[in-house]
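Read the structure below first, then the notes.
The values are calculated or read from the model by the stated rules, or taken from the named source; none is laboratory data. The model shown is predicted, which means the values in this text are computed figures rather than measured ones. Reconstructed Cβ throughout: ideal geometry from the backbone, glycine too, with neighbour counts over all protein chains shown. The protein model used for the area step is the full one, side chains on, heavy atoms only, and it has no ligands, DNA or RNA in it. Shrake-Rupley method; radii C 1.70, N 1.55, O 1.52, S 1.80 Å.
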Amino acid sequence: MIEGQLHRLWDSKMLPFPELQLTDGSDLIVVKTGLLNERMGGPDFRGAQVIYHGLRHIGSVEIHINSSDWYQHGHDRDKNYDDVVLHVVYNDDRPVYREGAPLPTLELKQWITDHEFSADTWIV
């Protein structure tokens, strides 16, 4: 699995959006997935709109295979990631904190039944 496959999955809206929940169990409503950031640097999707904890959040979405990639990629030290409102990951292997609060995270593992899919095929 490569991160680009998760980008396409998110961008093409091939997830069961009405059923999604954050890793803390809160309901997640995806109003807009945002626009793919095709330039180098910064979060993967800009201008996303999501609703959780009873509030609409407008900002960026960052996508990783593992949640710990947030730290491995240095996003915790990069101001370009301060507007991330949702962390979308295949595997939530480590909580991510920003300013002492957990970054809202959506884990996709339960929705992808075959994580050994080819570059052009995935099963949801």
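Things to note:
- Prolate/oblate/rounded label for the range 14-83 (Cα gyration tensor, a/c 1.5): prolate
- Mean residue ellipticity, 222 nm, helices only, the chain: the sum of -39500 (n - 2.57) across DSSP H runs of n ≥ 4, divided by residue count and rounded to 500, is -2500 deg cm²/dmol.
- Carbon-plus-sulfur accessible fraction, the chain (probe radius 1.4 Å, protein heavy atoms only): 50%.
- Straight Cα distances below 17 angstrom link Lys13 to the lysines Lys32, Lys109, with same-chain residues fewer than 8 positions distant left out.
- For Trp111, solvent-accessible area (1.4 Å; no DNA, RNA or ligand), Å²: 50
- Loop-exposed GluC sites (Glu not before Pro) per DSSP, neighbour cap 11 Cβ within 10 angstrom, longest uninterrupted part of the chain: 39-98
- Solvent exposure of the chain amounts to 55 Å² per residue of accessible area, where only protein heavy atoms count and the probe is 1.4 Å.
- A Stokes-Einstein calculation at 10 °C with viscosity 1.306 mPa s, built on the Kirkwood radius of the range 13-55 over Cα pairs, returns a diffusion coefficient of 137 µm²/s.
- For the chain, the average shadow cast by the Cα convex hull is 7.2 nm², which is a quarter of the hull's surface.
- Here, the range 48-108 is characterised by an Rg to Rh ratio of 0.93, where Rg is the alpha-carbon radius of gyration and Rh the Kirkwood radius.
- Amide H contacts of Leu103: Val96, Tyr97, Arg98, each under 5 Å away and 5 or more positions distant or on a separate chain (H built 1.01 Å from N in the peptide plane; Pro and chain starts excluded).
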